[in-house]
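One structure coming up, written as structure tokens, with questions to follow.
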Amino acid sequence: MELALWLRTQRERRAVTYAKMAELTGHRFSPATLSRGASGRKASREVVLAYAEACGADTDEALRRWKAAQRAEAQRRRRARASTEFGDLATSVRSVMTHPKLIDHFGKLLDAMVELRAREGQPSLRDLQSAAGKTPDGRHHRLPKSSLSVILRGEQPPSRSHLTAFLEALSVPAARIRLSEKAWDRITDSEARKPPGSRHTPTRDLPARRATERTSRPGDH
């Protein structure tokens, strides 16, 4: 695996033991954890970054390679599940249909959020909460993991502020964030004009819910 090879190369270049690496990370990770991290495949984002720091390597490059490895693993799992060409075609169509300009109800918005999270290596809810930061007064998280869990399960639509915080946490370009916010505004305006009994909610979008359930990881909730 490319990530594993790169990590091992960094350690060999620095000529440092795993015990010394653990010390350099402030003992946040044990030598055994760092050693397992060198396999790359199941290493967490935090372990990979700590590994790179301990080896004096470029952490931005480490993060890029970790995301690439996560995407490759997600693609491998999807291919394993797909038994026909139609499965691959459906995946491609779904990627196109989650573009902000084509989103016209909260179910599609949820699909887009699930898709973006998967593309970025399926970061945990805790990682997303941390990346989104705090409110201006510093008292609350902008994207509480408890709220995000409910949103990604399709139990309620995101608020505009939660959507923005989610996209920023995933480092989505500002232009796409604006398009997504406009999509949220369109959907909200459209829903407000409908009779209460006919309003569309994410809970009716079963494919999105199933995708979320398949990609949720232990410890996210």
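Could you please find all residues in the stretch 147-183 being free of Cβ contacts under 8 Å to residues at least 40 places away in the same chain and under 16 Å from the mean Cα position of the chain (by Cα)?
SER147, LEU148, VAL150, HIS162, THR164, ALA165, GLU168, PRO173, ILE177
Further, regarding this structure: Considering only residues of the stretch 184-203 that are part of a helix (DSSP H, G or I) and either in contact with a His (Cβ under 9 Å, 6 or more places away or on another chain) or within 27 Å of ARG45 (Cβ to Cβ) (or both), which is modelled with the lowest pLDDT?
Within the stretch 184-203, the match that is modelled with the lowest pLDDT is PRO202.
Output the number of the condition that VAL47 fails; it satisfies all remaining conditions of (1) hydrophobic (A, V, I, L, M, F, W, C); (2) modelled with pLDDT of 90 or more; (3) closer than 19 Å to GLN122 by Cβ; (4) part of a loop (DSSP other than H, G, I, E, B).
Failed condition: (4).
Kindly list the number of the only condition in (1) open to solvent by 20 Å² or more (accessible area, probe 1.4 Å); (2) modelled with pLDDT of 95 or more; (3) part of a loop (DSSP other than H, G, I, E, B) that fails for HIS162.
All conditions pass for HIS162, except number (3).
Could you please give the count of residues in the stretch 4-31 that are in a helix (DSSP H, G or I) and open to solvent by 50 Å² or more (accessible area, probe 1.4 Å)?
Residues meeting the conditions: 12.
Would it be correct to say that SER171 is modelled with pLDDT of 95 or more, open to solvent by 20 Å² or more (accessible area, probe 1.4 Å) and either closer than 22 Å to ARG119 by Cα or of a type in the set (S, T, N, Q) (or both)?
Considered against the rule, which asks whether it is modelled with pLDDT of 95 or more, open to solvent by 20 Å² or more (accessible area, probe 1.4 Å) and either closer than 22 Å to ARG119 by Cα or of a type in the set (S, T, N, Q) (or both), SER171 comes out as no.
Just to be sure I understand the filter: pairs with C-beta atoms under 8 Å, separated by 6 or more residues or on different chains, first member in the stretch 1-25 and at negative phi, second member open to solvent by less than 30 Å² (accessible area, probe 1.4 Å) and hydroxyl-bearing (Ser, Thr, Tyr). Which pairs pass?
Going by the 8 Å Cβ cut-off, the qualifying pairs are LEU7/TYR51; GLN10/TYR51; ARG11/TYR51; MET21/TYR51.
Those residues that are open to solvent by 60 Å² or more (accessible area, probe 1.4 Å) and part of a loop (DSSP other than H, G, I, E, B), I need them from the stretch 108-148; list them, please.
Correct list: PRO136, ASP137, ARG139, HIS140, ARG142.
State which residue pairs qualify: first residue charged (D, E, K, R) and inside the stretch 65-80, second residue open to solvent by less than 80 Å² (accessible area, probe 1.4 Å) in any location, beta carbons under 6 Å apart, and separation of 6 or more residues or different chains.
ARG65/LEU3; ARG65/TRP6; LYS67/GLY121
The values are calculated or read from the model by the stated rules, or taken from the named source; none is laboratory data. Please read these numbers as outputs of a predicted model, since none were measured by experiment. Here Cβ is always computed from backbone atoms with ideal geometry, including for glycine, and neighbour counts include all displayed protein chains. For accessibility, only protein heavy atoms count, side chains too; no ligands or nucleic acids. Shrake-Rupley method; radii C 1.70, N 1.55, O 1.52, S 1.80 Å.
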